[in-house]
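Read through the structure below, which is laid out as structure tokens, and then see the notes.
The values are calculated or read from the model by the stated rules, or taken from the named source; none is laboratory data. Since this is a predicted model, take the numbers as computed values, not measurements. Counting neighbours? That spans all protein chains shown, and the Cβs are built from the backbone with ideal geometry, glycine included.
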Amino acid sequence: MEPRVYFPSSLQRFEPKRMVFSTWVDHLPFAYDLVEALSPKMVVELGVYNGLSFFTFCQAMVEHDVDGVAYAIDCWEGDAHTEGYDDSIYNDVATYARDHYRGIAYLLRTYFNDALAHFSDGSVDLLHIDGLHTYEAVKEDFTNWYPKVRPGGVILFHDVMARIKDFGAWKFFDELLQTEPEIFRFNHGFGLGVLRKPGGAGSNNQLLDLLFSGNEEEHQKLRQLYVHAAHFLEARRQATKFKAMAANKKAKGGQGKSTEQVKDGGG
Ligand SMILES: C[S@@+](CC[C@H](N)C(=O)[O-])C[C@H]1O[C@@H](n2cnc3c(N)ncnc32)[C@H](O)[C@@H]1O
């Protein structure tokens, strides 16, 4: 049988609507495609900050017609790695959620542990762990929230390649790589770990099959594809920016000329 070409939606039509500074930028195309693959009824993000990853999940839910909700959980105070920040971050995220994702995005401004009681076991289809990145904090978030994820649900871990300061997500994820049967790591950017909780009905989806095939050759190709997808997104953004600048300059140039013409009495 001929190998099937993987040509994801992110390469065909993804234009991020919310663009704010975050090291998450390298994984936006994958997040967009993962939501399509999972069709999650419930997404939970631990660690939202200015919402780059969170609103990409929301955008993907809308554009892939996913009938679900997404919970953004953060104290919006910052932590030892982001450092403290003021209320303007939360206010901006709350306004954006209200204006663009009413009925989909729900913000819980609280500590992760205090939010646990709001979620039933086995209710979460997609969990993203992106709070404090020390080994102990990532382990605690994973241990506390793992029961909330349904069998067959997916857990994302950001920064699993960041070996800086006292970051330890990489170390915790390395341990999972030794024990978990369905696990994958993107190495670009600051790294993104992808784990599927055992059990569930199994999938009939090309991306999920590629992620959890256990085939290293397929994994390498998938990694390369999403490196290119991130570069492609950035190149397209730059091109759009330059086109807008050129159009702006042209418009101003045109106006400038007519102003001169008016001054000079030219016509
Ligand atoms: C790295 S940032 C999240 C980045 C975000 N996902 C993005 O797309 O850029 C981590 C956030 O987690 C929050 N945080 C860390 N530990 C927390 C905890 N135990 N409870 C609530 N929020 C926490 C911080 O306030 C911070 O805003």
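Numbers below:
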| item | result |
| --- | --- |
| Criterion violated by Asp33 - all others in (1) modelled with pLDDT under 95; (2) closer than 24 Å to Gln224 by Cα satisfied | (1) |
| Residue list for the range 32-52, filter: surrounded by 24 or more Cβ atoms within 10 Å (Cβ to Cβ), assigned to a helix (DSSP H, G or I) and within 14 Å of the ligand (Cβ to nearest atom) | Tyr32 |
| Val62 being surrounded by fewer than 17 Cβ atoms within 10 Å (Cβ to Cβ) and at negative phi | yes |
| Residue in the range 198-233 that is nearest to the chain's Cα centre (by Cα), counting only those that are among the charged types (D, E, K, R) and more than 26 Å from Pro147 (Cα to Cα) | Arg223 |
| Check on Lys263, modelled with pLDDT of 95 or more, assigned to a helix (DSSP H, G or I), of a type in the set (D, E, K, R) and surrounded by fewer than 16 Cβ atoms within 10 Å (Cβ to Cβ) | no |
| Cross-chain or 6+ apart pairs with Cβ under 7 Å, the range 106-127 first and closer than 26 Å to Thr95 by Cα and in contact (Cβ under 8 Å) with a residue 24 or more places away in the chain, then within 14 Å of the ligand (Cβ to nearest atom) and of a type in the set (Ser, Thr, Tyr) | Tyr106/Tyr71; Leu108/Tyr71; Arg109/Tyr90 |
| The range 1-30 - residue that is acidic (Asp, Glu) and modelled with pLDDT of 90 or more and, of those, nearest to the ligand (Cβ to nearest atom) | Asp26 |
| Total residues in the range 152-182, condition surrounded by 19 or more Cβ atoms within 10 Å (Cβ to Cβ), of a type in the set (A, V, I, L, M) and touching a Leu at 6+ places or on another chain (Cβ under 8 Å) | 4 |
| Subset of the range 162-195 [of a type outside the set (Phe, Trp, Tyr) and under 21 Å from Phe54 (Cβ atoms)] | Ala162, Ala169, His188, Gly189, Gly191, Leu192, Gly193, Val194, Leu195 |
| Near pairs, Cβ below 6 angstrom, 6+ apart or cross-chain, from the range 68-93 (over 16 Å from Leu46 (Cβ atoms) and touching a residue at least 40 places away in the same chain (Cβ under 8 Å)) to any residue that is of a type in the set (D, E, K, R) and away from the ligand (no atom under 12 Å from the Cβ) | Gly68/Lys41 |
| Helices (runs of 4 or more DSSP H) lying entirely in the range 53-168 (those with 3 or more residues that are away from the ligand (no atom under 13 Å from the Cβ) and not basic (Lys, Arg)) | 87-100 |
| Residue match in the range 98-114 (condition: within 23 Å of Val194 (Cβ to Cβ) and surrounded by fewer than 17 Cβ atoms within 10 Å (Cβ to Cβ)) | no |
| Qualifying residue in the range 5-12 (condition: in a helix (DSSP H, G or I), of a type in the set (Ser, Thr, Tyr), surrounded by fewer than 19 Cβ atoms within 10 Å (Cβ to Cβ) and at negative phi) | yes |
